[in-house]
Amino acid sequence: MSADDTITETKPKKGAIARGFKRVREPQKPGNFAVIFHNDNYTPRDFVVYVLQEVFHHSSERAEKIMMSVHNEGVGIAGVYRLEIAEQKAYDTAVLVKENQYPLKITVEEMT
């Protein structure tokens with residue numbers, strides 16, 4: 001290193017912590033993700049209720065309310081979870097849907 005070379009420490013960007021000369025991002029809180037059922041004209045209502053009870057552990061009354069939301073409003077939130085759990089529940093639902101040959105669409109969407 002010559003006399004002309006200098007080492008400067010820069011201030012960390014917002015959301016980062018400076019440790020020595022490295023920038024390390026602060027961990028972000030896990031988001032909440034909704035598992036959403038979408039209405040179709042073929043999947044029976046009782047199957048939707050069954051899935052809501054089996055996969056999401058809703059009572060029969062709560063499962064009926066969610067199913068009616070799907071039917072009347074076009075979508076219904078089956079539950080809100082951390083991303084990994086939401087994806088697993090969506091996968092478990094997709095397996096049941098495929099096994100029973102229904103076209104029920106399930107999505108996982110971040111809650112804002």
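Things to note:
- The alpha-carbon atoms of the range 33-110, seen along their principal axes, cover 28, 25, 20 angstrom, with the largest extent given first.
- If a spin label sat at a point 7 angstrom from the Cα of S69 along the line to its beta carbon, the backbone N atoms of the range 86-100 nearer than 18 Å would be those of 86-87, 89-90, 93.
Each reported figure results from applying straightforward, stated rules to the coordinates on display, with no laboratory input. What you see is a predicted model, and the numbers here were worked out from it, not measured in a lab. Note that each Cβ is placed from the backbone with ideal geometry, even for glycine, and that neighbours are counted across all protein chains shown.
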